[in-house]
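One structure is given below, encoded as C-alpha cells.
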Amino acid sequence: MDAMTDEIATLRGRYAGGAAYLDGEFMPLAEAKIPVTHWGYRRSDVTYDVVGVRDGRFFRLDDHIRRFRNSMTALHMEPPEGDAEIRDILMKLVLMADVRDAYVSMECLRASPAPGALRHPASCRSYLSCSAVPWISVVSPEMEVRGMHLMIPKVKRIPPSSFDPRVKNFHWGDLTEGMFEAKEAGADFAVLTDETGNVTEGPGFNVFCIVNGRVITPARGGLDGITRLSVFELCEELGLPLEIRDVTVEEFVNADEIFACTTAGGIMPATRIDGRILGNDVPGPISMQLKETFWQKRAEGWHGTEVL
Ligand code: PLP
C-alpha cells in the first residue's frame, strides 16, 4: 500500500458518510464550518458546481471543473488551488467518504475584508469548500415512476442582464419562491419564465419539451447544464432533431412531452404541467428513450472517470 492509499484508509473511518475540504484542509463534513462574517455567506458571494459519482465513476468531471473555473473567473475569484489540484481533492474526498455513489460539490466563497481594508469584494480573498456525501437525488422514488408534476409560477427568473445564470449561484430567491408556489399548487416543482414569457429553468434543473418529435430547449435564461449538454449528445446519437431556441410558455405547457434534467437526478420526465396531463399520465416515449439511454451509457462508462 503506498503512502496515499494508507492515508486514505486511515481517514476513511472518520470521514465515512461525508468528507470535506475547506480552505486548504481536509476534515469530516460535520466539522466544515465557515465564519458567519464571510461574504460567501452574508452576500451569497459564492459560486459552486456539483458533479455526480455513480458506481465509482465521476460523470464528466473535467466539464464540471471547467464550468466551475469559468464561474469563478466571472466573479473575479481566484482560490489558491488550480484545476488539477481541484480534481485531486474531489477524487480524494470520494475515497475518504467511502461511497460508490456520491454527490460531490465544489464551492468558492469570498471571505471578508481584513480589518481596516476597504469594504470592497476586491479586498477579499476567496477559498474553496468541497465535499463528498452519499448520492442525493431531487427526484423521489414515487416521481421516478409517475413522472414529475410541474407548474409555472408567478415569480419570474432573475434576468440574465442582472446576473448571468450560466454562473452557478445561490441567488435562489426566485427559485425558492417558485418552490413554495409549486407546493401551494400541489405540484412537485416550478419551471420559471422570464419577463417576456419565455421558459427558463427550474430550481436545480434545465427543461426540454418535445413537439412533433422535435426536442426543444430554451436557448437562454438558464444554466448551461452539463446534463443538458449530455442530452444534446444523445439527440445526435439517437437521430432526434434538436432545437435550442426561445420557448414560449404556451408552447411548453402544450407540448407532447416535457422533461427536466440535472446532475442530481439525470433525465426526469414530467407527466403534468399546470394541471394538464401529458400523454396518458405516464412518461412519454422520447423522454423515456433519452432517460434509459442516458443511464445505460453511464453504466457503460460514458464520459466516466474512475475514482482511484
Ligand atoms: N439549472 C440550475 C439552476 C441548477 O442549479 C442546475 C444544477 O444544479 C441545473 C440547471 C442543471 O445543471 P447540471 O445538469 O449541470 O447539473
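Values quoted throughout were computed directly from the atomic coordinates according to the rules given, and no laboratory measurement underlies them. In this text, all values refer to a predicted model and were calculated from it rather than measured experimentally. Note that each Cβ is placed from the backbone with ideal geometry, even for glycine, and that neighbours are counted across all protein chains shown.
Results, tabulated for the structure shown:
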| item | result |
| --- | --- |
| Helical mean residue ellipticity (222 nm; -39500 (n - 2.57) per DSSP H run of 4+; nearest 500) of the chain | -9500 deg cm²/dmol |
| Nearby lysines by direct alpha-carbon distance to residue 183 (threshold 22 angstrom, same-chain neighbours under 8 apart not counted) | 154, 156 |
| Stretchable slack from residue 277 to residue 74, in nm (0.36 nm times residue separation minus alpha-carbon distance) | 69.0 nm |
| Contact order relative to length of the chain, as percent, for alpha carbon pairs under 8 angstrom and 6 or more apart | 18 percent |
| Cβ-based exposure ranking for 183, 168, in which fewest neighbours within 10 Å come first | 183, 168 |
| Exposure proxy ranking, count of Cβ atoms within 10 Å, fewest first, for 151, 143 | 143, 151 |
| ³J(HN,Hα), Karplus 6.51/-1.76/1.60, whole Hz, each residue of the stretch 171-178, x for Gly, Pro | 7, 8, x, 5, 5, 5, 4, x |
| Whole-Hz couplings from phi, Karplus 6.51/-1.76/1.60, listed for the stretch 284-293; x for Gly and Pro | x, x, 6, 4, 5, 5, 5, 4, 5, 5 |
| Amide hydrogen neighbours beyond the local backbone of residue 46, cut-off 5 Å, H modeled | 170 |
| For the stretch 1-134, the Rg and Dmax computed from alpha carbons only, in angstrom | 15.3, 50 |
| Helix 3-15 axis, angle to the chain major axis (alpha carbon atoms, nearest 10°) | 70 degrees |
| Sparse-neighbour loop sites [GluC sites (Glu not before Pro); the stretch 192-258; at most 13 other C-beta within 10 Å; DSSP] | 195 |
| Spatially proximal aspartates and glutamates relative to residue 297 (Cα-Cα < 13 Å; intrachain offsets below 8 disregarded) | 55, 233, 237 |
| Förster-model FRET efficiency, 22 Å R0, residue 308 and residue 25, C-beta, rounded to 0.05 | 0.45 |
| Label-point separation in nm, residue 63 to residue 289, each point 7 Å along Cα→Cβ | 2.0 nm |
| Relative contact order (%) - the stretch 141-300, alpha-carbon pairs under 8 angstrom, separation at least six | 24 percent |
| The stretch 9-78 - percent relative contact order, Cα under 8 Å, separation 6 or more | 17 percent |
| Shape category assigned to the stretch 112-235 from the gyration tensor of Cα positions, a/c cut at 1.5 | prolate |
| At R0 = 45 Å, FRET efficiency that the Cβ-Cβ distance of residue 16 and residue 119 yields, to 0.05 | 0.65 |
| In sequence order, calculated HN-Hα J values of the stretch 253-259 (Karplus, 6.51, -1.76, 1.60; Hz; x Gly/Pro) | 6, 9, 5, 6, 9, 9, 9 |
| Simple spin-label estimate for residue 101 and residue 85 in nanometres, 7 Å along Cα-Cβ | 3.4 nm |
| Partner lysines for residue 291 [C-alpha distance under 25 Å; skip if fewer than 8 residues away on the same chain] | 168 |
| Full-extension gain in nm, residue 251 to residue 5, via 0.36 nm per residue minus C-alpha separation | 83.2 nm |
| Extension gain from residue 243 to residue 219, taking 0.36 nm per residue of separation minus the Cα-Cα distance | 7.8 nm |
| Gaussian network model of the chain, Cα within-10 Å springs - most flexible of 37, 293, 263 | 37 |
| Counted charge near residue 160, where neighbours are those whose Cβ lies closer than 14 Å (Asp, Glu -1; Lys, Arg +1) | -2 |
| Cut-off 16 Å (backbone N to label point 7 Å along Cα→Cβ of residue 232), residues of the stretch 205-220 | 206-209, 215-220 |
| Gaussian network model of the chain, Cα within-10 Å springs - most flexible of 145, 231, 167 | 145 |
| Ranking of 256, 6 by count of other Cβ atoms within 10 Å, fewest first | 6, 256 |
| The chain, Cα convex hull volume normalised per residue, Å³ | 140 Å³ |
